[in-house]
Amino acid sequence: MSDTIAAGRRICLVGASGLVGSAVIEESIGRTDLRIIGVARREVSLPKGARLEILLGDTAQWPVLIEAAHADVFVCALGTTRKAAGSDDAFRVVDHDLVLETAKAARLAGIDRMILVSSVGADPESGNLYLRTKGEVENALGELGFARLDILRPGLLRGKREEDRPLEWAGQVVAPLADILVFHARLRRFRSIAAVRLAQVILTLSGETVPGRFVHEHDSMVEILRGARF
């Protein structure tokens, strides 16, 4: 590994091919203070100017690849939908089991900071499978011993996805108007956010070292962006 690649804060990213992961890669272009090491099952399309490593292997190999990343921070942007997965069980394999397996691998590799992309409304007691799974994962991660754990709970994510999600596309069309209408503090957390802005939040938080468990919803993420320089 070259000295150039080794320099700067090292971020191990799983979910590099998704909407948020792709945005993180885009936002890392030109940054000399950090390096992204992606872990993925398949080749990831990289934007012009991106300087990063992609470590490829099936999910059974990911613990070894995460260790090989020699990272300072672990970022998990994994996620699917029940429809895309095909069943409740298949959905949980990704959004619950795989998230926890990779987080455990990160801890075993000596990584003590983690950033998780979760969802607004995450609640282990929810009757909704998606939100219940997100809440269960958040709780489980809190037991793994990360010195710092940042949990991001965005609302609807705006941006172009590779896969077709008609309902999300419709939501993105009306989101700007809906966001304008949501003023009440208790409802602002449901506002949408552009994937590129969420990526900026992730990269900003990757430099934080104050220990603890931090949950960031819409207003918190806005404050983080106000203090960031991009």
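The values are calculated or read from the model by the stated rules, or taken from the named source; none is laboratory data. The model shown is predicted, which means the values in this text are computed figures rather than measured ones. As a convention, Cβ positions derive from the backbone with ideal geometry for all residues, glycine included, and neighbour counts pool all protein chains shown. All accessible areas refer to the heavy atoms of the entire protein, side chains included, with ligands and DNA or RNA removed. Shrake-Rupley method; radii C 1.70, N 1.55, O 1.52, S 1.80 Å.
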Pairs returned, first residue in the range 207-230 that is farther than 22 Å from Ala71 by Cα, second residue that is exposed (fewer than 12 other Cβ atoms within 10 Å of the Cβ) and among the aliphatic types (A, V, I, L, M), beta-carbon separation under 9 angstrom, 6 or more apart or interchain, are Asp219/Ala185
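Taking the residues in the range 150-181 that are in contact with a helix residue (DSSP H, G or I) (Cβ under 6 Å, 6 or more places away or on another chain) and either assigned to a loop (DSSP other than H, G, I, E, B) or hydrophobic (A, V, I, L, M, F, W, C) (or both) as candidates, determine which candidate is modelled with the highest pLDDT.
Quick first cut of the range 150-181, residues in contact with a helix residue (DSSP H, G or I) (Cβ under 6 Å, 6 or more places away or on another chain) only: 150-151, 154, 156-159, 161.
The next check asks that each one be either assigned to a loop (DSSP other than H, G, I, E, B) or hydrophobic (A, V, I, L, M, F, W, C) (or both); those that pass are 151, 154, 156-157, 159, 161.
Numbers: Ile151: 98, Pro154: 95, Leu156: 87, Leu157: 90, Gly159: 81, Arg161: 51.
Selected residue: Ile151.
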Cβ pairs under 9 Å, 6+ apart or interchain, first in the range 147-164 and closer than 16 Å to Ala16 by Cβ, second modelled with pLDDT under 80, ordered by first then second residue, are Leu157/Glu168; Leu157/Gln172; Gly159/Gln172; Arg161/Glu168; Arg161/Trp169
Report yes if Arg41 is under 18 Å from the mean Cα position of the chain (by Cα), basic (Lys, Arg) and either within 17 Å of Ala16 (Cα to Cα) or open to solvent by less than 20 Å² (accessible area, probe 1.4 Å) (or both), otherwise no.
yes
Counted residues in the range 133-149 being crowded, with 18+ Cβ neighbours inside 10 Å and part of a helix (DSSP H, G or I) come to 7
Over the range 209-230, the set of residues open to solvent by less than 50 Å² (accessible area, probe 1.4 Å) and touching an Asp or Glu at 6+ places or on another chain (Cβ under 6 Å) is none
